[in-house]
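Step one of this worksheet: look at the structure below.
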Amino acid sequence: MNGLVINLTHSIDDLDRSSVAMVVAGASVASDQKTTVFLSSEGTRLAAKGVADDMHEDGFAPMSELVSSFVAAGGSFLVCSPCAKKRDIGEDQLIDGASIVGGATLVALLADGAASLSF
């Protein structure tokens, strides 16, 4: 099973886009796909504790529910290292299921055959 990588480049700056990405991620992991959300650029903020609590786009479940359900179902977040550093987000500030990684980790997933989507 090669799985799916979702590259999410938005969070608080685009609730609609980030909500759609997390709905797709939730559907993927619920379908028994190994699912990883790679958070880059502004998407990185979603990995910081408490940020999802204040995110809710009309027509979608609250972001905190989308994120917690995704992680509970076995999904994981990989956080772009330079993106996190730029935004002063350290490992000690991350939500459960998230870890800061370098670009080589993403490249390895894709090289192993994971499909990818970007939001």
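Quick notes on this one:
- Search result, residues across the range 7-32 that are part of a loop (DSSP other than H, G, I, E, B) and either surrounded by 18 or more Cβ atoms within 10 Å (Cβ to Cβ) or touching a Phe, Trp or Tyr at 6+ places or on another chain (Cβ under 9 Å) (or both): THR9, HIS10, SER11, ASP14
This table checks each residue for (1) open to solvent by less than 50 Å² (accessible area, probe 1.4 Å); (2) under 15 Å from SER11 (Cβ atoms).
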position: THR36; (1), (2): yes, no
position: LEU39; (1), (2): yes, yes
position: GLY43; (1), (2): yes, yes
position: GLY59; (1), (2): no, no
position: ASP92; (1), (2): no, no
position: ASP96; (1), (2): no, no
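- Among all positions in the range 8-27, there is at least one residue which is in contact with a His (Cβ under 8 Å, 6 or more places away or on another chain) and of a type in the set (S, T, N, Q).
- Any hit, the range 72-84, residues being open to solvent by less than 30 Å² (accessible area, probe 1.4 Å), of a type in the set (A, V, I, L, M) and more than 16 Å from SER40 (Cβ to Cβ): no
The values are calculated or read from the model by the stated rules, or taken from the named source; none is laboratory data. What you are looking at is a predicted structure, and each value in this text was computed from that prediction instead of being measured. Note: ideal-geometry Cβ built from the backbone for every residue, glycine included; neighbour counts use all protein chains shown. In case anyone asks, the SASA skips ligands and DNA or RNA and just uses the protein heavy atoms, side chains included. Shrake-Rupley method; radii C 1.70, N 1.55, O 1.52, S 1.80 Å.
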